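Have a look at the structure below, then the notes.
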Amino acid sequence: MAEQLPALILLAPLFGALLVGLAGPRDRRVCFPVVLGALAVSLCSAVGVLVRVLAGGPVDYFVGGWSEPLGIGIQLRVDTLNGLVLVVIAVVFVLVGVFSIRRAGEENTEKSPQYYTLFLLLAVGVFGMTVTGDAFNLYVLVEVSSLTGYALIAMGSSPRGTVAAFNYVVMGTIGASFYLLGVGYLYMATGALNMAQIHEIVATTGAGGSRTVLVAFILILAGLWTKMAFFPLHGWLPNAYGYCPSTSSSVLAPLVTKVYIYVMIRVMLGVFGAEWIFEHVGWTNIVVWLATVAILAGSLLALAQTEVRKMLCYLIVAEVGYMVGGAWLANRWGMAGAVYHIVADALMTLCLFLAVNIIVKRTGRLRMDAFDGLFRKMPLTMAGFAVGALAMIGIPPTAGFFSKWYLLRGGIESGHFEYVAALLLSSLVNAVLFFRLFERAFFGGNPAGGHHPDRTAAESGPTQQGWVGDSTLLGGEARASTLGPLLAAAALVVAVGLLNGPIVSAILRYFENMPVLGAP
Amino acid sequence: MDFLRTSVIPHFNYWIYVILMMIGLWAMIGKNNLIKKLIGMSIFQTAIILFYVSIGVKTGADIPIPAHHAHHDEAAAGAGAREEEDKLDPDAFANPLPHVLMLTAIVVGVATLGVALAISQSIHKDFGTLEEDEILEKIKASTHDG
Amino acid sequence: MDDSVHSLLPVWACLASLLAVPAIVLFRREPVLREGATFAAGIAKLAFVLAMLPVVLSGKTVECTLVEGIGGFAAPIRFRVDALGLLFALVASGLWIVTSLYAVGYMRGLREHSQTRFFAFFAVSLSATLGVAFAGNLLTLYLFYEMLSLATWPLVAHHQDKEARTGGRTYLTYLLGTSIGFALPALVFTWQKTGGHVEFDSARAILAETNLGYWPALLLLLLFVFGFSKAGLMPFHSWLPGAMVAPTPVSALLHAVAVVKVGVFCVLRVVSGVFGVEILRAHDLGTVLGWIAAVTVLVSSLIALSQDNLKRRLAFSTIGQLAYIVLGAALLSERALTGSALHIAAHAAGKITLFFCAGAIFVATGKKYISEMAGLGRAMPVTFAAFFIGSLGVIGLPPSLGLISKLHLVLGAADANRAGLLVVYLVSTLLNAAYFLPIVYQAFFPRGAAAADTPKFSWRGVREAPWACVVPLSVTALLSMGLFFAPGVFLKLAQAFAAGVTP
């Protein structure tokens, strides 16, 4: 049984999707238990695989037992790197699954079975992208996750969301096609599609020196950068995530860009190899500069937004810059920081999107005034939001602080001070962004409602002063099914921060046999 | 002329796919009508399919279907089949793998097109038009009202 | 090291006030119980701190690891209580109890809004302060430093009006901006240079071996010193006058004791625990730091002279006094370091009294400006007597603890052969006297218009502030005076610290 775990991660949501798709329209009550059950199986399998990997090294799984891939086969491969990512993806899916219990029904009145089918298929795609060991299968799974993503975004009632989804289809297809083209060139040069085989051929034969491999690399990188919204290829992201249904944005925003970062790192280390990338190609400087620009641009564009959700979307663009830059610093600290940041950023973005979705729904406003006086009305929701925001700013002991900590060390060690400066500046911009909201949430939107001892005394004497204006402490709170996942995500952000030692040490061990990343 | 002889003619398949791809890309970016953009997208994807198929070609090779079907019935006779395969000359057949890959890619392309068409239908329902500039204008107007 | 004791006491001392927060929120309708929770937490906190005193006085340290670190890259989160930490913790937790009483009187006297929020965040701030005091490594220090910035922000902007919000924004911009912009890279740089060791003394040992060049060392020092801008060194000082929009108990405890002292405490820690006296002496970095502090001392004293708003004058005076402490650290002599550590306590006792007085005057009369206070001493004799004693403490005249600490600082400057800096101390003492004593003199012996008892200066009907305000300010004034006669514990702790870090 234990050998089948890697496949189970994928199969559980796949069959869950079938079941929901068939039985859901007949009886809607089927949906939720199936979704949660399937995702729980995935989560358990992912954790199980990770435990096995940490104990005994990478796990290979050959679908159908075709152990020697002849040209094409379906190989799943789990090592420390994607084991970690798998667990995080599964956690995010489970939390958003719970979050959507009643949300999905409200937002897509007729379509909640369809929503859940797509939701599970998205899980299949994203899990698949993470576990696959084959370059072409990766393309197919990219498209599986993208197609479901397009549909999830277009499901909402906002016309702007639909238009954004169309743009996303166009941009996404261009990105995926570039990736496919790159794989074609790689196949021409190496005759292999299995990642490990390609790696071996590039590393050991003369193929590494050929121009075809270089072209393949450029095409693949361009495709992935489009898909992950790396500035200036980010155009599709803000509107797509800003105007889609809250249940969709809650799962897409934390995961999709992060998974593509993982894919990029996988392609860099597992397909082309760190030596080839950093020694043969050696574009470290250019890419880190691009990442620096992405960080700055994302932060400044976020500063210019008036709608909260779109502001968060631009922050994602900046965070993508963090991770691309970290991965290209060409040392193990930057790489480890980028991988750790995948985990951290997925959780903190989840935290922020859940909180903002709750708040937008509750107040019916998209702009910053939605936050007026919220610390009184919804203290727990705001606490969750605050944890996510502090993580984005980089305040210890949240996960966001520690990822910055490792990325900064990578930047300092490799001498890329422009990247270091951009990281710090973006932290400061995040501080401005979020404290603008905190100020409203603490003190209300109207500065005039302030210090008038007499008036306040008349309204409510010192004996009447309460933490909350309502009669009960949590009277204005969101319901448990939405608040629970938010608080769980917030707790995870802190827990992952406190556990940064074990996590990063596992990641660093993975780089041990890559001397180009620096001696341990 | 030299360039034509050394670079273009021997690699004409690449030139064709690149030209097709550029046509598709231009339509996706430059066209105003959403359906025309989608047509561009299809051309773009088809160009890549052509590229893949063309790299499987070998001079003088046949389609990759072995003539002997004898071993189909007795799948258990694995060793025999292996021997038989060894006798086949790889150079006599075009590389089947890119074709197989492209079957998947075609399916993916159709699915993408389907989703995109559904979305454009929904856009038409919301805005009453499929021209991009008109849609943007309507969005602008609605945000000003709101 | 063998001379460390493992104990959970520092954790409890730190948590005591944090655990009071749920009680404070829960009893938001019952002010008596709510304030009871605050006092209970305060007394518990002080008790935990005092319980560590015998151990630390016997030359040992109390240690406790919250999150284990791993090898050379993941720093642990660890408490380690030594003499300096305990000295600061003692000051902060002791004065918290007094301030709580004062806050009750002040907040009720003015019928302030959102008192529950106020007391809750006050308690959080104290936890963060003790966290900084007990931090065993740079990471823990930074963690609680940031926590303190965030927890005090709702207190600074408490009034919620435009001015308070602007003050709050300035506050956060400076504190977060410098800590993220300067202190964080400095931290990461140290962490990288030492190969992952950010424990205070082991970082110093490793850094001494790695032999930083002059410029990297100078850069690192400046990043740290300006990064911990709670210390108020110019040019990153203007958050402190801005923060004076806060209610007076906040200004008193946080912006005369906890927050600002956290800043200088961090500087002392960095100087003694990360760089170490040897490196600083070898590169002669003490001079650079010393002159930065000296300029701050003089400029802030001159600015204080020109301030008419009493709280702003106190704020600039605080900036100057903080720079005293930094200057003492920069002198790198044992006696100066003793003086620095002791001045944390001395200035705390004096300045908190002054702020209490300013608040009491505001509660009783609504006056904020010094020029409006002429003759007020006759109506509020206790308050102004306390103000006088408090200013003696800050100026460094007998009978006050300030004299002892300043003597150490001045003698330390002499030990270090720095005549220039010694002159700075003396000149600034004169300036201190020049901006404090006229206030008291005017209050008791008004001249000109005020003496003529014009309607503006008619104090008929004005009485002392409520007892909850007057008692704390009398207590701190007596404390400041009493410690002159019995500086025992504080002096011992300061000497133990200084002896431990100088070769």
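Annotation: residue C:313 carries an accessible surface of approximately 30 Å², with a 1.4 Å probe and no ligand, DNA or RNA atoms counted.
Working from label points 7 Å from Cα in the Cα-to-Cβ sense, the residue C:430 to residue B:93 distance is 10.3 nm.
Hey, could you grab the Kirkwood Rh for chain A? Inverse mean 1/r over distinct alpha carbon pairs, Å, one decimal.
23.3 Å is the Kirkwood radius here.
For residue C:447 and residue C:162, calculate 0.36 nm times their separation in residues minus their Cα-Cα distance, and state this gained length in nm to one decimal.
Numbers: separation 285, 0.36 × 285 = 102.60 nm, distance 3.66 nm.
Full extension from residue C:447 to residue C:162 adds 98.9 nm.
On full extension, the segment bounded by residue C:33 and residue C:499 gains 163.3 nm, given 0.36 nm per residue less the C-alpha separation.
Across the alpha-carbon set of segment A:243-359, the Rg to Rh ratio works out to 1.03, Rh being the Kirkwood radius.
If you count, for every residue in A:491-500, the Cβ atoms of partner chains within 10 Å of its Cβ, what is the mean? Before the final figure, lay out each step's value.
Numbers: counts 0, 0, 0, 0, 0, 0, 2, 3, 2, 6.
Neighbouring Cβ atoms belonging to other protein chains average 1 per residue here.
Just to be sure I understand: if you take the accessible area of chain A alone plus chain B alone and subtract the pair, with a 1.4 Å probe, what total do you get in Å², rounded to 100? The partial results should precede the final answer.
Numbers: alone 19740 and 10650 Å², together 27500 Å².
So the buried area, both faces added, is about 2900 Å².
For residue C:6 and residue C:281, a Förster radius of 51 Å and the Cβ-Cβ distance give a FRET efficiency of 0.90, rounded to the nearest 0.05.
Relative to the longest principal axis of the Cα atoms of chain C, the long axis of helix C:200-210 lies at roughly 50 degrees.
Which value, in debye to the nearest 20, describes the size of the charge dipole of chain A about its Cα centre when Lys and Arg Cβ atoms bear +1, Asp and Glu Cβ atoms bear -1, and nothing else is charged?
On the way: 29 positive and 26 negative charges, 199 e Å.
In debye, rounded to 20, chain A gives about 960.
Shown for segment C:1-42: the carbon plus sulfur share of the solvent-accessible area, taken with all protein chains present and a 1.4 angstrom probe, equals 73%. Amide hydrogen proximity for residue B:33: with H placed 1.01 Å from N in the peptide plane, the residues at 5 or more positions away or on another chain lying under 5 Å are B:132. Label positions at residue C:47 and residue A:204, each projected 7 Å from the Cα along the C-beta direction, are separated by 7.2 nm. Report the longest stretch of chain A that contains none of the GluC sites (Glu not before Pro) sitting in a DSSP loop with at most 11 other Cβ atoms within 10 Å. Here the longest segment lacking exposed loop sites spans A:111-511. Applying 0.36 nm per residue to the separation of residue A:436 and residue A:513 and subtracting their alpha-carbon distance, the gain on full extension is 23.1 nm.
Accessible area per residue, 1.4 Å probe, Å², for segment C:284-503: what's the number? Kindly include the intermediate steps, with their values, before the conclusion.
Working: 7640 Å² over 220 residues.
Accessible area per residue, segment C:284-503: 35 Å².
The mean of 1/r over all pairs of different alpha-carbon atoms in segment C:284-503, once inverted, gives a Kirkwood hydrodynamic radius of 17.7 Å.
Using only the C-alpha atoms of chain C, find the volume of their convex hull and express it per residue in Å³. Provide the component values of the computation, followed by the final result.
Working: hull volume 63.1 nm³, N = 503.
Output value, Cα hull per residue: 125 Å³.
Enter the angle in degrees (range 0 to 90, nearest 10) between the Cα long axis of helix C:381-395 and the first principal axis of the Cα atoms of chain C, meaning the one along which they spread out most. On a 0 to 90 degree scale, this one is about 30. Farthest towards the positive end of the charge dipole of chain C, among the residues C:179, C:205, C:499, is the Cα of C:179, using unit charges on the Cβ of Lys, Arg, Asp and Glu. Of the whole protein surface, residue C:255 contributes about 0 Å² of accessible area at a 1.4 Å probe radius. Can you give the angle from 0 to 90° between the axis of helix A:135-154 and the longest principal axis of chain A, with both taken from C-alpha atoms, to the nearest 10? Rounded to the nearest ten degrees, it is 20. Spherically averaged projected area of the convex hull of Cα atoms, the protein assembly as shown: 51.9 nm².
Over chain A, with every protein chain in place, what whole percent of the accessible area is carbon and sulfur at 1.4 Å, could you tell me?
Ligands and nucleic acids excluded, carbon and sulfur reach 64 percent.
Across peptide C:53-61, the average count of Cβ atoms from other chains found within 10 Å of a residue's Cβ is 0. The interface between chain A and chain C buries about 4600 Å² of solvent-accessible area in total (1.4 Å probe, ligands and nucleic acids excluded). Each of the peptides B:3-12, A:255-264 was scored by the mean count of other Cβ atoms within 10 Å over its residues; in descending order, highest first, they stand as A:255-264, B:3-12.
Measuring nothing but protein heavy atoms, the accessible surface of segment C:284-503 at 1.4 Å probe radius is 68 percent carbon and sulfur.
The values are calculated or read from the model by the stated rules, or taken from the named source; none is laboratory data. None of the values given here were measured: they were computed from a predicted structure. With ideal geometry, Cβ positions are generated from the backbone for all residues, glycine too; neighbour counts draw on all protein chains shown. When the accessible area is computed, the model is the full protein with side chains, heavy atoms only, and any ligands, DNA or RNA have been set aside. Shrake-Rupley method; radii C 1.70, N 1.55, O 1.52, S 1.80 Å.
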